[in-house]
Structures are given as structure tokens and as C-alpha cells.
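Below is one structure, written out as C-alpha cells, with a few remarks after it.
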Amino acid sequence: KADGRGRLCFFEPEMDAKMQARRRLEMDLRRALVAREFELFFQPIVEVRSRRVTGLEALLRWNHPERGLVPPDSFIPLTEEIGLILPLGEWVLEEACAQAARWAGDTTIAVNLSPVQFSSRGLVDTVERALRESGLDPRRLELEITETVMLRDTEATLSTLHRLKALGVRIAMDDFGTGYSSLSYLQRFPFDKVKIDRCFTRDLGQTQQSGAIIRAVAGMCQGLDMRTTAEGVETEEQFRALAQKGCIEAQGYLFSHPRPAVEIPAMLARLSQFACAS
Ligand code: C2E
Ligand code: MG
Ligand code: MG
Ligand code: MG
């Protein structure tokens, strides 16, 4: 009995504190959107064969006045719960397209879509507007979605994917190999690219087994006419091992950490020195 009472006294204030912290974060996020505290960072995606940069992925950051740079995993889930992901995601799309339209050439820009955003009514219109207002060639925009999207009502998902593709944009499946990874998704949905999760890249070049999955996924995707990108390439050793696995592209700290837009020209200049002359 003493235990029970003790527990009650212990948990209640803690729960309350959690709720309050959540409530504070929620208000802080709403304020941040108005105060324009969000910023996009960009990470290059490199073609394995030529070592040329083929695209950049936009990754969201929150420039918090007190907490500094806050990574997306610590605030996106709450923005999804409270619906703030819709205006935030719209801003991400507009900002990413506007940035990409300023870069010369045919470099693609990859934008992550939340499942909540994907199943919202306005998505296709939002994408269309971001393209129109920025003047970006639709073929340069790539939308990254995760398997969570596939788990929902497949007819609606399929119809949204086809409407997006009709705009001319490309679709990538992100973090492939985590979660459910049903192979039937690859057959059913019109992906242009599959991004192999970084847990498969980690041991590349170290163990023989590590490359087997990448090789298999890369081969399968090639047969399905989809490109593959290995995520989380951190070392030259991993990159070299990757070159023998048939994977088309690589992304990771080896080439660059995600960096602010102002640093892109310098980043691209540095990386162009490593590109093969062919
Ligand atoms: P993601 O789309 O799979 O993005 C790749 C994540 O891996 C990024 O984390 C990136 O910084 C990190 N990364 C890249 N290379 C390496 C590497 O070599 N080693 C390691 N250990 N990590 C690497 P970040 O920026 O913290 O983003 C985390 C996740 O947040 C993203 O995973 C994506 O799912 C989500 N996210 C980011 N921006 C947005 C956005 O604008 N909208 C939505 N809905 N989600 C976003
Ligand atoms: Mg992504
Ligand atoms: Mg990923
Ligand atoms: Mg991820």
C-alpha cells in the first residue's frame, strides 16, 4: 500500500511535467514558424561511377534562439501530431524549389514528405504551386516518402503517386530495408529511386555479408528500372566496396555533412575536384 501511494505521488507530477513540456514545445513550434526560425540544410548525392554530384537532399533544421540548431527527429513527430507539419512542409517545398531553381545545371533536389503530408488533401496542389512559383523544372524535384505511406489505404496512395508523377516529379522510397519493406511495394508503386537505409552501409568493406543485401537490392531495382542510393556512406572503404555492388548513387558524411544553402557553391566546387574525368 505504501508502495502504491508512493508511486502515485511519484508519477503524477512527472506526467504533468511531460505534458507541460509538450505543450511548451507545441507553442514554441507555432511561434517558430511565424518567426521563420526554420532553415533547410543540403546534403549532396553522388553518382558512384563518376563521383559527380547528381542531386542534393533538403534536410530541415530549427534555429532555436536558445537551444541552437535542433535536428528534425526531435520536433517533426510533434508537428505531425498537431498538424503543423502541413504549413511547415509547404514551406519546405517552396523553399527547396526556390533554392534549387537558383542552381545552374540539372542537379535534382530531394524533399522529404511526412506521411501526414502525403495523405493530406492539398499535397498535389502544394507541389504544383511550389514548382510554378519557383519556375523549377519538375524533373529536378524528387519527393522522398517512407514505407509508412505504403501501409495506408493503397488505392488512395497509388492515386496520389500517379498524380504527382503526372506533374513530372520523381518519387523515391526512403530508408528502404527498415520497417516492413514489403517487396510488393516495389512492384505496385511507381518509384524512380530506392534509398537503401544506412544500416546496410555500415559494415560495407568490413564483412562479406554486409554487401549482399545492397547487391541484391541494387540488382532487383535495376530490373525494375529504379535507381538506387546507398545512405550513410562515411568512409572511402565503404564507398569503394559500394562500387562493386551495382548501387548507382551514394550519400553520406564522406562527401559532406548537410550544410546551409550559402555553402553550396563551395561544397560543389570542392566535390567537383573528386569527380572522375570521363
Ligand atoms: P532521412 O531522409 O533518411 O535523411 C538522412 C539522415 O541521415 C539525415 O539526418 C542526415 O543528416 C543523416 N546522414 C546523412 N549522411 C550520414 C552519414 O554518413 N552517417 C550518419 N550517421 N547519418 C547521416 P537528419 O538531417 O537529422 O534528418 C533525419 C530525418 O528527419 C530524415 O531522415 C527525414 O526522415 C526527416 N526529415 C528531415 N527533413 C525533413 C523535412 O523537411 N520534412 C520531413 N517530413 N521530414 C524531414
Ligand atoms: Mg530522406
Ligand atoms: Mg533516409
Ligand atoms: Mg531516415
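Overview of results
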{"read-out": "Scan of the stretch 188-232 for residues that are basic (Lys, Arg) and within 16 Å of residue 46 (Cα to Cα), ordered by number", "value": "193, 195, 198, 227"}
{"read-out": "Identity of the residue in the stretch 187-205, more than 18 Å from the chain's Cα centre (by Cα) and of a type in the set (D, E, K, R), that ends up farthest from ligand 4 (Cβ to nearest atom)", "value": "188"}
{"read-out": "Answer residue from the stretch 198-214, given it is at negative phi and touching an Asp or Glu at 6+ places or on another chain (Cβ under 7 Å) and is surrounded by the most Cβ atoms within 10 Å (Cβ to Cβ) among those", "value": "201"}
{"read-out": "Some residue of the stretch 166-178 being more than 12 Å from ligand 1 (Cβ to nearest atom), touching a strand residue (DSSP E or B) at 6+ places or on another chain (Cβ under 9 Å) and over 30 Å from residue 216 (Cα atoms)", "value": "yes"}
{"read-out": "For residue 82: the one exception among (1) within 16 Å of ligand 3 (Cβ to nearest atom); (2) touching a residue at least 12 places away in the same chain (Cβ under 8 Å)", "value": "(1)"}
{"read-out": "Selection count where residues are closer than 14 Å to residue 134 by Cβ, away from ligand 4 (no atom under 16 Å from the Cβ) and either in contact with a Gly (Cβ under 8 Å, 6 or more places away or on another chain) or at pLDDT 95 or above (or both), scope the stretch 57-106", "value": "11"}
{"read-out": "Residue list for the stretch 40-97, filter: acidic (Asp, Glu) and more than 16 Å from residue 231 (Cα to Cα)", "value": "66, 73, 80, 81, 90, 94, 95"}
{"read-out": "Filter result (part of a helix (DSSP H, G or I) and among the basic types (Lys, Arg)) within the stretch 95-122", "value": "102"}
{"read-out": "Residue match in the stretch 179-196 (condition: among the small types (Gly, Ala, Ser) and modelled with pLDDT of 90 or more)", "value": "no"}
{"read-out": "Selection from the stretch 119-157 of residues that are within 16 Å of ligand 3 (Cβ to nearest atom) and modelled with pLDDT of 95 or more", "value": "142, 143, 144, 145"}
{"read-out": "Considering residues of the stretch 223-233 that are in contact with a Ser or Thr (Cβ under 8 Å, 6 or more places away or on another chain) and in a loop (DSSP other than H, G, I, E, B) only, the residue nearest to residue 171 (Cα to Cα)", "value": "231"}
{"read-out": "Subset of the stretch 234-259 that is among the hydrophobic types (A, V, I, L, M, F, W, C) and in contact with a Ser or Thr (Cβ under 9 Å, 6 or more places away or on another chain) - its residue that is farthest from ligand 4 (Cβ to nearest atom)", "value": "241"}
{"read-out": "Failed item in (1) assigned to a loop (DSSP other than H, G, I, E, B); (2) more than 12 Å from residue 44 (Cα to Cα); (3) free of Cβ contacts under 8 Å to residues at least 24 places away in the same chain, with residue 254 passing the rest", "value": "(2)"}
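Conditions (1) basic (Lys, Arg); (2) surrounded by fewer than 20 Cβ atoms within 10 Å (Cβ to Cβ); (3) within 16 Å of ligand 3 (Cβ to nearest atom); (4) within 22 Å of residue 150 (Cβ to Cβ), marked per residue:
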{"residue": "169", "(1), (2), (3), (4)": "no, no, no, yes"}
{"residue": "174", "(1), (2), (3), (4)": "no, no, yes, yes"}
{"residue": "184", "(1), (2), (3), (4)": "no, yes, no, yes"}
{"residue": "192", "(1), (2), (3), (4)": "no, yes, yes, yes"}
{"residue": "196", "(1), (2), (3), (4)": "no, no, yes, yes"}
{"residue": "216", "(1), (2), (3), (4)": "no, yes, no, yes"}
{"residue": "228", "(1), (2), (3), (4)": "no, no, yes, yes"}
{"residue": "246", "(1), (2), (3), (4)": "no, yes, no, no"}
{"residue": "255", "(1), (2), (3), (4)": "no, no, yes, no"}
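Residue-by-condition table, conditions (1) within 22 Å of residue 262 (Cβ to Cβ); (2) crowded, with 22+ Cβ neighbours inside 10 Å; (3) without any contact (Cβ under 8 Å) to a residue 40 or more places away in the chain:
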site	(1), (2), (3)
86	no, no, yes
89	no, yes, yes
102	yes, no, yes
111	yes, yes, no
116	no, no, yes
120	no, no, yes
126	no, no, yes
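The values are calculated or read from the model by the stated rules, or taken from the named source; none is laboratory data. Because the structure is a prediction, the values reported are computed rather than measured. Because the Cβ atoms are built from the backbone with ideal geometry, glycine has one as well, and the counts that use them run over all protein chains shown.
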